[in-house]
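First the structure, in the form of structure tokens, and then the observations on it.
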Number of protein chains: 2
Amino acid sequence: MSTTRRIAIVGGGVAGLGPAWQLARRGWDVHLFERDEIGCGASGRAAGMLAPNSEVTFEEEQLLRLGQASLKRYPRWVEELTDATGADLDYRRGGALIVAVDRDDAEELEQLYQYHQRLNLPVERLIGRQAHRMEPGLSPSVHYALFTPGDHQIDPAAMVEALGEAFVAAGGHLHQHQPVAKVLIGDKLEGLGFEDGSTEYFSHIVIAAGPWSSQLEGIPDGILPSIRPIRGQMLVVELGEPPLVEHVVRAPDAYLVPRRDGRLLIGSTMEERGFDPRPSAGGLLDILEGAREAVPGIYDAHILDYWTGFRPTTLANQPVIGPTSIDGLYLSVGHGRNGILLTPITAYGLAETIDTNELPSILRPFAPSG
Amino acid sequence: MSTTRRIAIVGGGVAGLGPAWQLARRGWDVHLFERDEIGCGASGRAAGMLAPNSEVTFEEEQLLRLGQASLKRYPRWVEELTDATGADLDYRRGGALIVAVDRDDAEELEQLYQYHQRLNLPVERLIGRQAHRMEPGLSPSVHYALFTPGDHQIDPAAMVEALGEAFVAAGGHLHQHQPVAKVLIGDKLEGLGFEDGSTEYFSHIVIAAGPWSSQLEGIPDGILPSIRPIRGQMLVVELGEPPLVEHVVRAPDAYLVPRRDGRLLIGSTMEERGFDPRPSAGGLLDILEGAREAVPGIYDAHILDYWTGFRPTTLANQPVIGPTSIDGLYLSVGHGRNGILLTPITAYGLAETIDTNELPSILRPFAPSG
């Protein structure tokens, strides 16, 4: 293989796996290095709501456009990944319900509705009766809700697994439990140094190690943005029969995501606690209270699992994707709470950038500044 | 060995293990049969509060006396068990705090205080400041508390393990994963039939299988009381440094039990759900809310574990201990939430009954009716 198309991806979350797979399909010699196991940071622990519309806030229109562009690519993405692996990704396009449980929430939802209207985003206003018809398990205190039919959902853990498989099937080299210590840069990019002391040559390198990226040595100052872990706790309960909910339900203090495999994911906290993986009593309490407020029936649901994840978050709250000022060194970091949504656009867009040397216009607002 | 002193104990909780150990020490040929592992029903999952005083309610004075008699035997019991095994049972005599978090609770506590006074039980009334001096982690809303210096605590899982070891060391035969199917009774007691189809002769048999006892075949009607499982959920968090609490704290909707090994047990629910072992969202929610109300600092505590247990509970809410109308057949069942407290009196008392054919007077109110 040509040594001028020998690329290393540092990090086995979706920000790395997606571009790695696409580059392998484009004939590159791709090596992905993950310090632990693929998906173990944020990707495999996400809820998988694909909701650029219901997550939109008033200052993030660029990010909204990126999310919508990525969502538009999702059907093709899922088809390609399913063709490559046969995996069931539990991809669904049933829309999401955003519910208000008191008058203050309703006021906020009304603002959100107006904003959606202004941006021409698909959204429907529901009074309580209509919301309860869609989701009979909603609390009687839900008098107002928005339905965002454009929102999709997917099983992120299944997607991570499928991506690893598809990457290897496309000829990629997957190195798990192989921690990278250092990016080797002399006059130009030289390769990677590993914690075991070995080094390898690469013509191109993508940094995709989320909040752990800053622990890599050898990257000159000003290249990497600051990326901190925003911790999220998730609780998994039995969905039950009939299911507690059929749609994604977003309540003021928790969201509920039903899965075809009979699980109901309940999330999530936003905590600044560094990399502490241990769930806390208060975290569980908050999401349980938030979920009960919207769907009282969760009270009787059996607990199946709980975990914490770390959202890789930049100060600007948006990802940084593209080439740096060092020839051959690329970033795919800081996807925050939107990593699963942004997986296709990141994968297709960054692979194209690296393969053709041209950054697609949709990614330009997110290009590295250094 | 004499075949007239060949005894089977059916059930490996403390109600069976305690008498089994004492009978082995008295020279009997003792075989204990446990369908799963010792302590897996209620015994190993209890919190281990030894609190006849703070658990006293207004209709249970006989049970209170039994509990006090058992508590009095605890120091000797722990000493013997420690001598036999060297185990650390985390036995402590620091007393317990019963706290009120609102005016209604305070009224109830005042009633309990009067009742304790009437029965001459050791109890101290504390105003908020005094309670906070003892436990700085208490909520500011705790304005009134009782301190019951006579309450002790122990680690039940450690005790179960030590009992198994002491039993074997005393010559007992411990058969785990050996489910008993049937008690064989002809003209007189003949022995046991096992689920694997085998049978064994025994001159004496003790039924100590808690709520599972009624699943045994062959016991004539009217011998066994009705025993149902009352499910309890427990959450274990990190005690922290400095510890969140130093004493057992009993709040209106939860109790907190600190352990020397750095764990803090938070319990517990009382649920009638049969033998379903799966913790529920509502159970965790209730005990977390109950604990936070009394000790707000648990909000930040890391979660270590959670589990469910099944308290073997009779309709009269008291244990049934002693000989039945069938010669050689004994019961040690229905200890409910008091099993750990009642372990010494059950062990010493039932072993003496079987060995000497005389039921000690303290046990007489709890003798089988059939």
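The values are calculated or read from the model by the stated rules, or taken from the named source; none is laboratory data. Keep in mind that this is a model prediction, so the values were computed, not measured. Cβ: placed from backbone, ideal geometry, glycine included. Neighbour counts: every protein chain shown. All accessible areas refer to the heavy atoms of the entire protein, side chains included, with ligands and DNA or RNA removed. Shrake-Rupley method; radii C 1.70, N 1.55, O 1.52, S 1.80 Å.
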Quick one: is A:Ser213 touching a helix residue (DSSP H, G or I) at 6+ places or on another chain (Cβ under 9 Å), of a type in the set (Ser, Thr, Tyr) and either within 24 Å of A:Gly309 (Cα to Cα) or within 14 Å of chain B (Cβ to nearest Cβ) (or both)? no
Quick check, is A:Gly240 of a type outside the set (D, E, K, R) and over 27 Å from A:Ala301 (Cα atoms)? no
Residue in region B:310-333 that is surrounded by the most Cβ atoms within 10 Å (Cβ to Cβ), counting only those that are of a type in the set (Gly, Ala, Ser) and in contact with a helix residue (DSSP H, G or I) (Cβ under 8 Å, 6 or more places away or on another chain): B:Ser332
Provide a single number: the residues in region A:60-81 that are open to solvent by 50 Å² or more (accessible area, probe 1.4 Å) and under 20 Å from A:Ala20 (Cβ atoms). 3
Which one of these does B:Ala294 not meet: (1) open to solvent by 20 Å² or more (accessible area, probe 1.4 Å); (2) within 26 Å of B:Arg93 (Cβ to Cβ); (3) within 14 Å of chain A (Cβ to nearest Cβ)? (1)
For region A:291-321, what are the residues that are polar (S, T, N, Q) and farther than 30 Å from A:Asn357 by Cβ? A:Thr308
Of all residues making up region B:63-89, the number that are under 17 Å from the mean Cα position of the chain (by Cα) and over 24 Å from B:Ala131 (Cβ atoms): 16
If we keep only residues of region B:244-258 that are of a type outside the set (A, V, I, L, M, F, W, C) and in contact (Cβ under 8 Å) with a residue 24 or more places away in the chain, then the residue farthest from B:Glu108 (Cα to Cα) is B:Glu246
Candidate set from region A:110-136 (those that are open to solvent by less than 20 Å² (accessible area, probe 1.4 Å) and assigned to a helix (DSSP H, G or I)); member that is farthest from A:Leu146 (Cα to Cα): A:Tyr115
Would you mind telling me which numbered condition in (1) part of a strand (DSSP E or B); (2) within 18 Å of the chain's Cα centre (by Cα); (3) within 14 Å of chain B (Cβ to nearest Cβ) A:Gly309 fails? (3)
Does at least one position in region A:237-246 carry a residue that is within 10 Å of another protein chain (Cβ to nearest Cβ), farther than 21 Å from A:Leu146 by Cβ and surrounded by fewer than 24 Cβ atoms within 10 Å (Cβ to Cβ)? yes
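Rundown of residues vs (1) at pLDDT 95 or above; (2) part of a strand (DSSP E or B); (3) within 14 Å of another protein chain (Cβ to nearest Cβ), yes/no style:
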| position | (1), (2), (3) |
| --- | --- |
| A:Leu256 | yes, yes, yes |
| A:Leu265 | yes, yes, yes |
| A:Arg278 | no, no, yes |
| A:Glu289 | yes, no, yes |
| A:Ile298 | yes, no, yes |
| A:Asp305 | no, yes, yes |
| A:Ile321 | yes, yes, no |
| A:Leu331 | yes, yes, no |
| A:Ile340 | yes, no, no |
From the list B:Tyr348, B:Tyr330, B:Tyr306, B:Tyr299, exactly one residue is in contact with a strand residue (DSSP E or B) (Cβ under 9 Å, 6 or more places away or on another chain), aromatic (Phe, Trp, Tyr) and assigned by TED's automatic domain parsing to the domain that holds B:Trp21. Which is it? B:Tyr330
On the basis of being modelled with pLDDT of 95 or more, open to solvent by 10 Å² or more (accessible area, probe 1.4 Å), part of a helix (DSSP H, G or I) and basic (Lys, Arg), does B:Arg35 make the cut? no
Determine whether B:Asp104 is surrounded by fewer than 22 Cβ atoms within 10 Å (Cβ to Cβ) and either within 22 Å of the chain's Cα centre (by Cα) or not in a helix (DSSP H, G or I) (or both). no
